[in-house]
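Shown next, in structure tokens, is the structure this report addresses.
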Amino acid sequence: MTGTALGVVTGTTSLLVSYIRREIARRGYPSWEECRCDFKTQETIFQVWHSHHEQRGETIISQEWGVYLVHLATPLRKLLHHSTQALAILNPLHRYIERVTLSPQQSYQFAGILHASTTNEDLPEPTFQDDSYVVWRREILHVPHHLFDACLRRLYPVNLPPSRISSVEALPALWDHASNLPLPNEGTLLETPVGTRIDCIGWAAAQISYCTARR
């Protein structure tokens, strides 16, 4: 019976590993050599265990709770990279984030949608020749300082006069389709091409990594 049980466990493990490898190849996840994840590039890694983001008026607030991983050896970094890909494949929620761009032309419409959803009132139509333009900005409100701490970010609209609109560039962002809201996150994921799908590692939207960016 012990031998049979060991055989079943070994066979199941082998099938699971084969399935994960096939899915990594099918989804086009980056290998360790080509990946630009924090596990590989950052000396200090803020590992997110849980996150929550919500709309407050016309502002998107994101809170991330996690721990700092410092001076990890390369084998541990590689293990985190491969484990991240395996967890994304085995994640039953199948949540993902998409790389998008909030252009100056879209900023006013998105701000109007958020405003209407909280006040049931439409924003007044802008007069672009005389009034101001709406653009989006990111800001970190609280930087984690302790071993276990929270990072607080926000994404919010601001008005710019027409004289400054020529210098405004489209804002890269990560869109969570589950909540239909953008994340205020920063990092190398914003450098991926528009339309890139990044699979979530866990149950929270900010539990994402460059390791799970699909080609």
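The values are calculated or read from the model by the stated rules, or taken from the named source; none is laboratory data. Bear in mind that the values here come from a model prediction, so they are computed numbers and not experimental data. Please note: Cβ atoms are built from the backbone with ideal geometry, for glycine as well, and neighbour counts cover all protein chains shown. Only protein heavy atoms, including side chains, enter the accessible area calculation; ligands, DNA and RNA are left aside. Shrake-Rupley method; radii C 1.70, N 1.55, O 1.52, S 1.80 Å.
Values computed for the structure shown
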| read-out | value |
| --- | --- |
| Any hit, the stretch 53-61, residues being under 22 Å from GLY195 (Cα atoms) and touching a strand residue (DSSP E or B) at 6+ places or on another chain (Cβ under 8 Å) | yes |
| Members of the stretch 15-55 found to be in contact with a helix residue (DSSP H, G or I) (Cβ under 7 Å, 6 or more places away or on another chain), more than 24 Å from LEU183 (Cα to Cα) and of a type outside the set (D, E, K, R), listed by number | ILE20, ILE24, TRP32 |
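Quick grid of which residues meet (1) open to solvent by 80 Å² or more (accessible area, probe 1.4 Å); (2) modelled with pLDDT of 80 or more:
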site: GLN106; (1), (2): yes, no
site: PRO126; (1), (2): no, no
site: TYR133; (1), (2): no, no
site: TRP136; (1), (2): no, yes
site: HIS142; (1), (2): no, yes
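Okay, residues lined up against (1) assigned to a loop (DSSP other than H, G, I, E, B); (2) open to solvent by 60 Å² or more (accessible area, probe 1.4 Å); (3) not polar (S, T, N, Q):
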| position | (1), (2), (3) |
| --- | --- |
| LEU6 | no, yes, yes |
| THR12 | no, yes, no |
| ALA25 | no, yes, yes |
| ARG36 | yes, yes, yes |
| PHE46 | no, no, yes |
| TRP49 | no, yes, yes |
| HIS53 | no, no, yes |
| TRP65 | no, yes, yes |
